[in-house]
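Below you will find the structure I want to go over with you.
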Protein chains: 2
Amino acid sequence: MMHFLKTVFHRYRHIGAYGLSIAVLVFLLKWLQWNFLIVDNSLDIYIGLIAVLFTVLGIWIALQLTRGRKADVVTVHQVQIVEAEPFRVDQVELEKLKLTTREYEVLQLMVKGHSNAEIAESLFLSLSTIKTHASNLFVKMDVTSRTKAIEKAKRLRITA
Amino acid sequence: MMHFLKTVFHRYRHIGAYGLSIAVLVFLLKWLQWNFLIVDNSLDIYIGLIAVLFTVLGIWIALQLTRGRKADVVTVHQVQIVEAEPFRVDQVELEKLKLTTREYEVLQLMVKGHSNAEIAESLFLSLSTIKTHASNLFVKMDVTSRTKAIEKAKRLRITA
DNA sequence: CGGACGTTCATACTTTGGTATGAAATTGAA
DNA sequence: TTCAATTTCATACCAAAGTATGAACGTCCG
């Protein structure tokens, strides 16, 4: 019950603030009215002050009302911005090929554009070993050249 | 000169509208002042009317000022939403390379995994012509082999 | 233990890729 | 029209990729 009241008060706190402002204004105006009208007798300045005061009040009210709406819009769109897409290896397709660890390593370096000689250097192996791994993985991938292997690896999403 | 004036009037049309409103209001108020003060002698009602009137005016002004800003916010976020994932050729990077039409065609088929012989068949050209195009595009792309050309083309997003 | 599998390497050979050079035809702009 | 760029093709040669075969070593598993 207390929680319900708190919620209600919180929800309509702007209206409460507005009512309070009105009350304060009425006292202020009565004081001004007494000063200007009774003491100085200058009605036009008094009217002018009221006009400016309530114009500012109107602006403030409108800003309070629209601020919430603008925030909502921003939030909705931010949810859609989080649509990013990092690369993920298709483990299913990868395991279908039954590549060995070394063969997959060689394939990954191939996709990066490395030559057999460069791959041999990277893995501290001889050129002939790389050729063997390459030839074997071509058979498993059912291709006849490194360029087709690269294209298929990209298409099946088994390398970055 | 006339165009300049038009532009200025258009840019500050809101301020002009506000000034006009003020003028109209002054006449209205003077008329009301005469009615209430001289005729009915009820100052409080007159003040109340002014307060309500200028509150509404303030709200209207604030809405005019914020309407444009809200539209801007929405537009900014929509631009980011348009950043979807379908592949787009990076025309800037592509034009930097200054590839000829044929060279680009050969590159595209290379990326698809085709051999020089297959590319020659596809484009109804001789093998030696493909080799020439390939060699020339390698120089322009600053690479030394087709696999590096493929990797770079993918990285720069100049082929699908 | 023995055999399947993976890894490494070598040699020999064929195919493909890549460079160099030259040349002819075409096209578009100065 | 003249000139530069593009496109086409050829020949020759070297480098790299790819295939085939064999062999040695280590690990894991039934």
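Since B:Asp90 meets every condition but one in (1) open to solvent by 50 Å² or more (accessible area, probe 1.4 Å); (2) at pLDDT 95 or above; (3) in contact with a Leu (Cβ under 7 Å, 6 or more places away or on another chain), which condition does it not meet?
(2)
Ok, one more. Pull out all pairs, ordered by first then second residue, where Cβ-Cβ is under 9 Å, the residues are six or more apart or on different chains, the first lies in the range B:86-97 and is in a loop (DSSP other than H, G, I, E, B), and the second is of a type in the set (Lys, Arg).
Between residues of the range B:86-97 that are in a loop (DSSP other than H, G, I, E, B) and residues that are of a type in the set (Lys, Arg), the close pairs are B:Phe87/B:Arg157; B:Arg88/B:Arg157; B:Val89/B:Arg157; B:Asp90/B:Arg157.
Still on this model: Which pairs do you get when a residue that is of a type in the set (Val, Ile, Thr), found in the range B:133-149, comes within reach of a residue that is open to solvent by less than 30 Å² (accessible area, probe 1.4 Å) and more than 11 Å from DNA strand D (Cβ to nearest atom), reach meaning Cβ atoms under 8 angstrom, with the pair 6+ apart or on two chains?
Partner pairs satisfying both residue conditions: B:Val143/B:Ala149.
Does the range A:92-113 include one or more residues that are polar (S, T, N, Q) and under 24 Å from B:Phe138 (Cα atoms)?
Scanning the range A:92-113, I find at least one residue that is polar (S, T, N, Q) and under 24 Å from B:Phe138 (Cα atoms), so the answer is yes.
The values are calculated or read from the model by the stated rules, or taken from the named source; none is laboratory data. Since the structure is predicted, the reported quantities are computational estimates derived from the model, not experimental observations. Every residue, glycine as well, gets a Cβ built from its backbone with ideal geometry; the counts of neighbours run over all protein chains shown. Only protein heavy atoms, including side chains, enter the accessible area calculation; ligands, DNA and RNA are left aside. Shrake-Rupley method; radii C 1.70, N 1.55, O 1.52, S 1.80 Å.
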